[in-house]
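Student: I have a structure I would like to understand better, so I am pasting it below and will then ask my questions one at a time.
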């Protein structure tokens, strides 16, 4: 995997995955974004997770619409507008937790890298349930 940054879109796998939502019809984009975390979350503990970069990129897109999320601005992220992605928020959190559980390719590659762990911790915090009445932002 080519990697140039510890952020969610800073590797070849995530950058390539982002073309999917860009190439899809608008009505299909939310489904594509939700599929990556679903795959990671469904990978049982003890089973090697080899494409967790897709789940992290998708989770970053979901988190960007959460009140505590960071904007998903990257030259390698999707360029086209995304629909409301708040429905897969719990699944995206579960996927990030799975990526952070061995055996996981991203976890193995970034073990001992504070910048990746910090970015992933911020992503996880943005996806965590917030106070009652918290509202998502589509902007």
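Student: Say whether the condition of being surrounded by 14 or more Cβ atoms within 10 Å (Cβ to Cβ), modelled with pLDDT under 90, touching a helix residue (DSSP H, G or I) at 6+ places or on another chain (Cβ under 9 Å) and over 20 Å from residue 16 (Cβ atoms) is met by at least one residue in region 119-137.
Tutor: yes
Student: Same structure, new question: Determine which single condition residue 45 fails, assuming it passes every other condition in (1) farther than 17 Å from residue 116 by Cβ; (2) part of a loop (DSSP other than H, G, I, E, B); (3) under 13 Å from the mean Cα position of the chain (by Cα).
Tutor: Unmet for residue 45, out of (1) farther than 17 Å from residue 116 by Cβ; (2) part of a loop (DSSP other than H, G, I, E, B); (3) under 13 Å from the mean Cα position of the chain (by Cα): (3).
Student: Tell me yes or no: at least one residue of region 90-105 is farther than 21 Å from residue 7 by Cβ and in a loop (DSSP other than H, G, I, E, B).
Tutor: Looking for residues that are farther than 21 Å from residue 7 by Cβ and in a loop (DSSP other than H, G, I, E, B), one finds at least one in region 90-105, hence yes.
Student: Given the criteria surrounded by fewer than 20 Cβ atoms within 10 Å (Cβ to Cβ) and under 14 Å from residue 105 (Cα atoms), does residue 50 qualify? Working first, answer last.
Tutor: Numbers: surrounded by fewer than 20 Cβ atoms within 10 Å (Cβ to Cβ): yes; under 14 Å from residue 105 (Cα atoms): yes.
Here the answer is yes, as residue 50 does meet what is asked.
Student: Surrounded by 20 or more Cβ atoms within 10 Å (Cβ to Cβ) and farther than 23 Å from residue 129 by Cβ - does that describe any residue in region 36-47?
Tutor: No, that holds for no residue.
Student: Okay, next question. Report, by residue number, each residue of region 24-35 that is surrounded by fewer than 24 Cβ atoms within 10 Å (Cβ to Cβ) and either part of a helix (DSSP H, G or I) or in contact with a helix residue (DSSP H, G or I) (Cβ under 7 Å, 6 or more places away or on another chain) (or both).
Tutor: 24, 26, 27, 28, 29, 30, 31, 32, 34, 35
Student: Name the single residue, out of those in region 48-76 being under 11 Å from the mean Cα position of the chain (by Cα) and in a loop (DSSP other than H, G, I, E, B), that is farthest from residue 22 (Cα to Cα). Give the steps one after another, and end with the answer.
Tutor: Filtering region 48-76 down to residues under 11 Å from the mean Cα position of the chain (by Cα) leaves 52-64, 72.
From the residues that got through so far, the ones that are in a loop (DSSP other than H, G, I, E, B) too are 64, 72.
Working: 64: 17, 72: 14 Å.
Taking the candidates together, the pick is 64.
The values are calculated or read from the model by the stated rules, or taken from the named source; none is laboratory data. All of these numbers come straight from a predicted model, not from anything done at the bench. For neighbour counting, all protein chains shown are included, and Cβ atoms are generated from backbone atoms with ideal geometry for every residue, glycine included.
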